[in-house]
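This report refers to the structure that appears directly beneath it.
The values are calculated or read from the model by the stated rules, or taken from the named source; none is laboratory data. Not measured: the values here are computed from a predicted model. Quick reminder, even Gly has a Cβ in these numbers, built from the backbone with ideal geometry, and neighbours come from all protein chains shown. Calculation scope for accessible area: heavy atoms of the full protein, side chains included, ligands and nucleic acids excluded. Shrake-Rupley method; radii C 1.70, N 1.55, O 1.52, S 1.80 Å.
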Amino acid sequence: MKITGRCYCGSIRYEALGPTLYQANCHCENCRRAIGAQAVAWITVKLDTFKFVGDPTRHHTDTEATRTFCPDCGSSLTYQHPSRETEIDIVTASLDKPEKFAPNLSVYADEKLSWVKCDASN
Ligand SMILES: [Zn+2]
Ligand SMILES: [Zn+2]
């Protein structure tokens, strides 16, 4: 299953192959700050199936993660961490077909904002 997506302006695209390993909604503060949203839905795929079309900016965080975003429009696109070196997380909202990849798991629910309902879909 081919998975494709892009940033807001379209200058960065990516392709990957499914099936997904995870489809999660993350409430951690790092994701919330990095992406600028109350929670962030991600899909996880095998890193060796993933490739960018275009050249995103890479931000190396103080938690050893690498986050990518479009240098032109700022859309957040991916997350990688050395603790899961064969995987890459993709921002679900950047997918071409996000409706097909509903989260089925909440992660870092203990960090969720009090006004966010805590089920996997929000
Ligand atoms: Zn862009
Ligand atoms: Zn997170």
Problem - In Hz, Karplus ³J(HN,Hα) per residue of segment 10-22 (6.51, -1.76, 1.60; θ = phi - 60°; x = Gly, Pro) - result: x, 6, 10, 10, 8, 9, 8, 10, x, x, 6, 8, 9
Exercise for the section: Starting from the Cα of LYS97, draw a straight line to each of the lysines and keep only those under 20 Å, dropping any in the same chain fewer than 8 residues away. Expected result: LYS2, LYS46, LYS51
Fill in the blank from the handout: Sequence order, segment 52-57: Karplus ³J(HN,Hα) from phi using 6.51 cos²θ - 1.76 cosθ + 1.60, θ = phi - 60°, Hz rounded, Gly and Pro as x, gives 7, 10, x, 10, x, 7
Problem - From phi via Karplus (6.51, -1.76, 1.60), per-residue ³J(HN,Hα) for segment 27-32 in Hz, x at Gly/Pro - result: 9, 5, 5, 4, 5, 4
Handout entry: Antiparallel content of DSSP bridges confined to the chain, in %, to 5
Key = 90 percent
Problem - Ranking by accessible area, most exposed first, for ILE12, ILE35 with a 1.4 Å probe - result: ILE35, ILE12
Completion exercise
Between GLU64 and ALA102, the two model label points (7 Å from Cα along the beta-carbon direction) sit apart by a distance in nm of 3.6 nm
Practice task
Pick out which of PRO98, PRO71, PRO82 has the largest mean-square fluctuation in a Gaussian network model of the chain, springs linking Cα atoms closer than 10 Å.
Solution key: PRO82
Completion exercise
Within the set TYR108, TYR22, TYR79, GNM on the chain using Cα springs under 10 Å gives the largest fluctuation to TYR108
Practice task
Let me have the 222 nm mean residue ellipticity of the chain computed from DSSP H runs of 4+ only, each contributing -39500 (n - 2.57), with the sum over all residues rounded to the nearest 500.
Solution key: -1500 deg cm²/dmol
Practice task
Run the quick spin-label model on LEU113 and THR57: label points 7 Å from Cα toward the beta carbon, then report their separation in nm to one decimal.
Solution key: 2.3 nm
Completion exercise
In whole percent, the fraction of accessible protein surface over segment 2-108 that belongs to carbon or sulfur atoms, probe radius 1.4 Å, stands at 48 percent
Problem - For GLU87, solvent-accessible area (1.4 Å; no DNA, RNA or ligand), Å² - result: 30 Å²
Problem - Inter-centroid distance (Cα atoms) of segment 63-122 relative to segment 7-41, Å - result: 3 Å
Completion exercise
Of GLU29, GLU85, GLU111, the most mobile residue in a GNM of the chain (C-alpha springs, cutoff 10 Å) is GLU85
Problem - Amide proton proximity set for GLU87, modelled H, under 5 Å, gap of 5+ - result: LEU47
Handout entry: Solvent-accessible heavy-atom area per residue, rounded to whole Å², over the chain at 1.4 Å
Key = 58 Å²
